[in-house]
Amino acid sequence: MLHLAFPHICEGCGSDLLDINNELCLKCLSSLPETNFHLHPHNPIEKMFWGRLPLTCASAQYYFTKESLMQHLMHQLKYRGNKDLGVFLGKLIGHALKTSNRFSAVDALIPLPLFHTREKKRGYNQASVLCEGIAEILQKPILKNIIVRKTYTDSQTKKGRVERWQNMEGRFELMAPKSIEGRHVLLIDDVITTGATLEACGREIVQASNVQLSIATLCFSSH
Ligand SMILES: [Zn+2]
């Protein structure tokens, strides 16, 4: 009866044949386009940052394509308040990173911050929600309020790469450098496109003494 009253259905296809701990059925889960970048040094995400930002490792879990299940999941995560889905997707990232010894020295997670009024409007930061899932699998702490986003920036989607970079530069401020000194931190975001935002945030993080920085995102959008 409980099942009829509160059906737990797959976010992809609507099938009700799934475990209460899953947000996607096995068929939808296996259809997500994995990059396997976490296993490979010099992967496209790491190359993207060459000459821009010193990183230990970087990865994106899935390819993002338009009109796809991943686009639907991203929409749910960012605009529909589906935090359970975000934690679930975070766990998928965590499980992948756990199989890679390249990320095993990471000792703390940092969600890419949103500007505070945007986070208030949305009610949450989607990167923090992903971090919750990753933290559960990797058993690492989430460091919040270490770095803040200083200025509101308009939606980046219609801007070119140079313009985006200029728009983002210096828009983050490291508030608590002491708390990341000597640590290997993993910066988390939902999607990476040009890397401009992560670069701007990462530049501040690496100002802390003896810090190692790695990056992981849910998706890689090449457009
Ligand atoms: Zn499904």
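Could you give the length gained on full extension between Phe115 and Ser100, defined as 0.36 nm per residue of separation minus the Cα-Cα distance, in nm? Between Phe115 and Ser100, full extension yields an extra 2.2 nm. Can you work out the FRET efficiency for the pair Asp19 and Ser209, with r the C-beta to C-beta distance and R0 = 41 Å, to the nearest 0.05? The calculated FRET efficiency here is 0.35. Distance between the 7 Å Cα→Cβ label points at Trp50 and Lys178: 4.0 nm. The heavy atoms of Asp19 offer some 80 square angstrom of accessible surface to a 1.4 angstrom probe.
Helices in the chain, meaning DSSP H runs of at least 4 residues, each add -39500 (n - 2.57). Divided by all residues, the mean residue ellipticity at 222 nm is -10500 deg cm²/dmol. Largest accessible area first, the listed residues Lys120, Lys78, Lys83 line up as Lys120, Lys83, Lys78 when surface is computed with a 1.4 Å probe on the assembled protein chains.
Angle, helix 83-98 long axis vs. longest principal axis of the chain, Cα atoms, 0 to 90°, nearest 10? Taking the Cα atoms of the chain, the angle to 83-98 is about 70 degrees. The calculated FRET efficiency for the pair Ser68 and Tyr124, based on their C-beta separation and a Förster distance of 22 Å, comes to about 0.40. For Ile192, the amide hydrogen comes within under 5 Å of the amide hydrogens of Cys219, Phe220, Ser221, counting only partners 5 or more places away or on other chains and with H modelled in the peptide plane.
Database remark: amide H of Ile215 closer than 5 angstrom to the amide H of Cys57, Ala58, Ser59, Leu187 (H placed geometrically; neighbours at sequence offset of 5 or more, or on other chains; Pro and chain starts carry no H). Summing charges over neighbours of Ser104, with a neighbour being any other residue whose Cβ is under 12 Å away from its Cβ, gives +2 when K and R count +1 and D and E count -1. Between Asn145 and Leu29, the simple spin-label model (points 7 angstrom out along Cα→Cβ) gives 3.6 nm.
Sort 124-134, 32-42 by the packing proxy (mean of other Cβ within 10 Å over each peptide's residues), most packed first.
Highest mean packing first, the order is 124-134, 32-42.
Stokes-Einstein D for the chain at 25 °C, 0.890 mPa s, Kirkwood Rh over Cα pairs, in µm²/s? Reported coefficient: 137 µm²/s.
Taking Cα atoms only, the orientation of helix 69-79 departs from the longest principal axis of the chain by about 70 degrees.
FRET efficiency for Tyr79 and Glu136, Cβ-Cβ distance as r, R0 = 30 Å, nearest 0.05?
Values: r = 24 Å, r/R0 = 0.80.
According to the calculation, E is roughly 0.80.
Isolated cysteines of the chain, defined as having no other cysteine beta carbon under 4.7 Å away, are Cys13, Cys28, Cys57, Cys131, Cys201, Cys219. Under 5 Å from the amide H of Cys25 lie the amide H atoms of Glu11, Gly12, Cys13, each residue being 5 or more positions distant or on a separate chain, with H modelled from the backbone and absent for Pro and chain starts. The accessible-area ordering, largest first, of the residues Tyr63, Tyr79 stands as Tyr79, Tyr63, per a 1.4 angstrom probe. For the residue pairs Lys78/Lys120; Lys78/Lys144; Lys27/Lys144; Lys120/Lys150; Lys47/Lys78; Lys27/Lys91, the alpha carbons lie more than 25 Å apart in Lys27/Lys144; Lys47/Lys78.
The values are calculated or read from the model by the stated rules, or taken from the named source; none is laboratory data. Since we're looking at a predicted model, the values are computed, not measured. Positions of Cβ are generated from backbone atoms using ideal geometry, with glycine treated the same way; all protein chains shown enter the neighbour counts. Accessible surface areas use protein heavy atoms only, side chains included; no ligands, DNA or RNA. Shrake-Rupley method; radii C 1.70, N 1.55, O 1.52, S 1.80 Å.
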